[in-house]
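What follows is a short report on a single structure.
The values are calculated or read from the model by the stated rules, or taken from the named source; none is laboratory data. In this text, all values refer to a predicted model and were calculated from it rather than measured experimentally. Here the Cβ positions follow ideal geometry from the backbone for every residue, glycine too, while neighbour counts run over all protein chains shown. What goes into the accessible areas is simple: the full protein's heavy atoms, side chains included, and nothing from ligands, DNA or RNA. Shrake-Rupley method; radii C 1.70, N 1.55, O 1.52, S 1.80 Å.
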Amino acid sequence: MSTALATDVGVAPAAGEKAPLIGLSRAALADALRGIGVPEAQARMRASQLWHWLYFRGVTDFAAMTNVSKPLRDRLAGCFTLKRPEVVAEQISVDGTRKWLLRLPAGGAGRPVEVETVYIPEEGRGTLCVSSQVGCTLTCTFCHTGTQRMVRNLTAEEIVAQILLARDRLGDFPDAETPQGAIVTIEGRLISNIVMMGMGEPLYNFDNVKEALLIASDGDGIALSRRRITLSTSGVAPMIPRAGAEIGTMLAISLHAVRDDLRDELVPINRKYPITKLMEACRTYPGLSNARRITFEYVMLKGVNDSLAEAKDLVRLLKGIPAKINLIPFNPWPGAPYECSDWERIEAFADVVNRAGYASPIRTPRGRDIFAACGQLKSASERMRKSERELMAVNPLQ
Ligand code: SAH
Ligand code: SF4
């Protein structure tokens, strides 16, 4: 088969390596089957069968595909792989949050890369926080990922693989046995929501994120409704209409400041796409209603963006946009130039926003002890020194 099938959406397999099937659209999957000699009349039907095994059942071995003939299974196994990324570390927080450090092929980055995925169980739901890039090109001053140089975009395969791997480790596929050694909660909670809020800026890796989220929301496979998937952006305004039209998930905006001078500093992409441009893009996001709102993320930085005057300006800024506001207590990391606002201030800020009629939940920090909280993800070459980690573990809420 031609490697072009795999490279359309991702990193080309090295010579002699089998091409991944995970991450291909249905059409590309059917093409891949044609490429190994499946007759035209069967290609679409076979692609649907495979889709079910890959995404509904989560199998990683062609031999398990009992409704596929043995000769075809053998041919598939000879040409393609369903391999999951290697788990370098699995950590579980005292609050049940878990974090996986995954190793992925170099894919042009020189050496293998590492990326983090976080699972957050809550009352009545379980959210998987998925990464879109290794590192980030942007340099938001409060974000740990922003201090890691951008290494490369993740492929659609690697984005979807984070979901599949998490479902493996949680025993979250129908009829699946939990792999030996995986940490499983007694309640056995499942992944019900996905947020593209891990490492990286998803709208700077648009095609692969799109492909992956279309797979995640496909009703015959992972089958998560688009309303249960949220794409978070630091504000790549020109890509927001395309995200709405072509992906159609929920949208979150990392706002963090209500004035351009401050946002220029905190979220430097603001210099390119200032607040007015960003708000214009938000207003035209398709399908907005009171039941389908944009989430505005606002990290609470002591003495920087947390005055009550700013809370009022925030309300004014969002006027006319169906919105909810997530107030995120700043999660510290070694060397961070900020502190988290005092709790009373966060509550007073939330009150102002609430009184104006906006839901403004204060997001309880999750998984801080294992560095899994918002903005704490960072991997690979520039991982923190052990001494720094230990220092933070002593006082994770500092
Ligand atoms: N790059 C995208 C997706 C990452 S989402 C974006 O910026 O939207 C990660 C979320 O956590 C963003 O809202 C980000 O602004 C926020 N965040 C980053 N660092 C943080 C920190 N140290 N404490 C709390 N929230 C943080
Ligand atoms: Fe990148 Fe988002 Fe972190 Fe900014 S907040 S540096 S865009 S990951």
Query raised in the report: Of all residues in the stretch 203-240, which are farther than 21 Å from A291 by Cβ and touching a Pro at 6+ places or on another chain (Cβ under 8 Å)?
Result: V209, T233
Query raised in the report: Picking from V160, V134, V118, V130, which residue would you name as being in contact with a Cys (Cβ under 9 Å, 6 or more places away or on another chain), touching a residue at least 24 places away in the same chain (Cβ under 8 Å) and crowded, with 20+ Cβ neighbours inside 10 Å?
Result: V118
Query raised in the report: In the stretch 211-255, how many residues are away from ligand 2 (no atom under 16 Å from the Cβ), buried (at least 21 other Cβ atoms within 10 Å of the Cβ) and part of a helix (DSSP H, G or I)?
Result: 6
Report task. With the condition kept exactly as written, say whether any residue in the stretch 180-202 is assigned to a helix (DSSP H, G or I), out of contact with any Lys or Arg (no Cβ under 7 Å at 6 or more places or on another chain), at pLDDT 95 or above and at negative phi. Result -> yes
Requested in this report: May I ask you to list pairs of residues, at least six apart or on different chains, whose Cβ atoms are under 7 Å apart, with the first in the stretch 226-248 being touching a residue at least 60 places away in the same chain (Cβ under 8 Å) and the second being among the hydroxyl-bearing types (S, T, Y) and open to solvent by 10 Å² or more (accessible area, probe 1.4 Å)?
Outcome: T230/T295; S232/S254; S234/S254
Query - Flag if T117 is over 18 Å from L154 (Cβ atoms), touching a Gly at 6+ places or on another chain (Cβ under 7 Å) and of a type in the set (S, T, Y) - result: no
Query raised in the report: Pick from the stretch 256-297 the residues that are touching a residue at least 60 places away in the same chain (Cβ under 8 Å) and part of a helix (DSSP H, G or I): which of them is surrounded by the most Cβ atoms within 10 Å (Cβ to Cβ)?
Result: I269
**Report entry** Pair list, Cβ < 7 Å and 6+ apart or interchain, from the stretch 139-150 residues that are under 14 Å from M197 (Cβ atoms) and open to solvent by less than 30 Å² (accessible area, probe 1.4 Å) to residues that are within 9 Å of ligand 1 (Cβ to nearest atom) and of a type in the set (S, T, N, Q)
**Finding:** C140/S234; H144/Q376
Query raised in the report: Is there any pair linking a residue in the stretch 201-222 that is closer than 16 Å to C129 by Cβ to one that is among the aromatic types (F, W, Y), with Cβ under 8 Å and at least six apart or on different chains, and which?
Result: I222/Y55; I222/F56
